[in-house]
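Since the structure comes first, as structure tokens, the remarks are kept for the end.
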Amino acid sequence: MDYYTLVLGSIFSLIFLYTTLAKLSSRGTKKLPPGPSPWPIIGNLHLLGEKPHVSLANLAKIYGPIMSLKLGQITTVIISSSTIAKQVLKNQDQAFSTRFIPNALQAHNHYKFSVAWLPVCPQWRTLRRILNTNIFSHNRLDANQHLRSQKVKELIAYCEKCSQEGEALDVGQIAFKTNLNLLSNTIFSKDLADPFSDLKDLFGAGTDTTTSTLEWAMAETLKQPKIMNKAQVELAEIIGKGKPIQEVDVSRLPYLQCIIKETLRIHPPVPLLLPRKVEQDVELCDYVIPKGSQVLVNVWEIGRDFTFWKDPLVFKPERFLSSDLNMQGQYFELIPFGAGRRICPGLPLALRMVPVMLGSLLNSFNWKLEACIEPKDLDMEEKFGLTLAKARPLRVIPSPL
């Protein structure tokens, strides 16, 4: 027996021993949710791949809507159904309300000052109250609506310049810069970026998530010209072709709202939401979630659940025309912003910004893909990161209506 054969044999023996011991230890009093057997050291990390939300959805088809994995040495529970998500985010919200804090945030103590990562404590309640009362309340948003309106006008002016010159523009890039200034004007009444020169928590979260949502919405409507045309007809009838859209107009544009809902259903900006953590053993659906476990809710999979949604892989805004479903955290089949006490505080602003930006773009120009790409050939690949972005930037050319 040569040296390499001996080494390989030893490795496989250790793996077998580790797996056997793991199975034996799981037969104790604590009944973990089902899941794949972990490898030594890395656990189940090798199963995630480049698109963890997709890999976890596929694993859920094998192990069920509540399953456990080992990510390194961290026990992680994945929720993949609206029913169990409701249990975690509403019925047992308090038990699951602590955040699991990534090491990157612990390095500079950022989490100690962050409403997104702080545990539910007096400091968190104070910050949350400030956000709800002084920044994202309806009265406050109404009061500084004119500042955001100016930023949308600047966006349209830039698109007009591209239209006159026949130039393509990067939807994600202009959306990011516009969203950054929309948010900074809401908070500071000041631009933080020159938007057209060649949801920290608030700016990171507010810009990345709304940017990806707008880019996906534009991509989906470009891929199906009938949807874009239907939206433009609604805008022309209610607002008037080419006229600016105000935030108060959104409630009179039901099909535009349906496009936003459908975009967030099939392309949730944070597909696994922010991770939660249990501070003590918690019983959930006849299983025990051990103290210190990380809990992820796969809203990407919930939005594509065949047992609830008809033709879930088809982008079809019409599905919401006769539906009462909203994104306020009450209907757990559609929770792109989360739910419960940890629901995204910027939700009221997002539901104003995205429809106004999308509606303004559709009501001001016709759009075609760069390089004469046919709508049916538009690449819709996802790229997993801080948000679920398009793998390839959406580049389009505006032209007069």
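The values are calculated or read from the model by the stated rules, or taken from the named source; none is laboratory data. Bear in mind the structure is a predicted one, so any value in this text is a computation, not a measurement. Don't worry about glycine lacking a Cβ; one is built from the backbone with ideal geometry, like all the others, and counts go over all protein chains shown. Ligands, DNA and RNA are excluded from the accessible area calculation, which covers all protein heavy atoms including side chains. Shrake-Rupley method; radii C 1.70, N 1.55, O 1.52, S 1.80 Å.
Some notes on this structure:
- Scan of region 42-70 for residues that are among the aliphatic types (A, V, I, L, M), in contact with a helix residue (DSSP H, G or I) (Cβ under 9 Å, 6 or more places away or on another chain) and outside any helix (DSSP H, G or I), ordered by number: L48, I66, M67, L69
- Of the criteria (1) more than 19 Å from D249 (Cα to Cα); (2) in a helix (DSSP H, G or I), which one C344 fails: (2)
- Criterion (outside any loop (DSSP other than H, G, I, E, B), of a type outside the set (D, E), open to solvent by 30 Å² or more (accessible area, probe 1.4 Å) and out of contact with any strand residue (DSSP E or B) (no Cβ under 8 Å at 6 or more places or on another chain)) met by exactly one of L358, L351: L351
- Any helices (runs of 4 or more DSSP H) falling wholly within region 84-194 and containing at least 1 residues that are under 30 Å from V248 (Cβ atoms) and open to solvent by 40 Å² or more (accessible area, probe 1.4 Å): 122-130, 138-143, 145-165, 171-188
- Region 66-83: number of residues that are open to solvent by less than 60 Å² (accessible area, probe 1.4 Å) and either under 15 Å from V297 (Cβ atoms) or within 19 Å of the chain's Cα centre (by Cα) (or both): 11
- Checklist (1) closer than 26 Å to A116 by Cα; (2) assigned to a helix (DSSP H, G or I); (3) open to solvent by 10 Å² or more (accessible area, probe 1.4 Å); (4) of a type in the set (K, R) applied to R265, failing item: (3)
- Residue count for region 239-292, restricted to those that are of a type in the set (K, R) and in contact with a Gly (Cβ under 9 Å, 6 or more places away or on another chain): 2
- Residue in region 26-34 that is closer than 30 Å to E382 by Cα and assigned to a loop (DSSP other than H, G, I, E, B) present: yes
- Cβ separations smaller than 9 Å between residues 6+ apart or across chains give the following pairs from region 82-107 residues that are at negative phi to residues that are acidic (D, E) and open to solvent by less than 40 Å² (accessible area, probe 1.4 Å): S82/D305.
- Residues of region 209-258 satisfying the condition of being open to solvent by 40 Å² or more (accessible area, probe 1.4 Å), β-branched (V, I, T) and touching a helix residue (DSSP H, G or I) at 6+ places or on another chain (Cβ under 6 Å): I238
- Of the residues examined, S364 is one that is at pLDDT 95 or above, polar (S, T, N, Q) and open to solvent by 20 Å² or more (accessible area, probe 1.4 Å).
- Residues satisfying the stated conditions in region 375-399, i.e. basic (K, R), open to solvent by 50 Å² or more (accessible area, probe 1.4 Å), touching a Lys or Arg at 6+ places or on another chain (Cβ under 8 Å) and under 19 Å from F176 (Cβ atoms): K383
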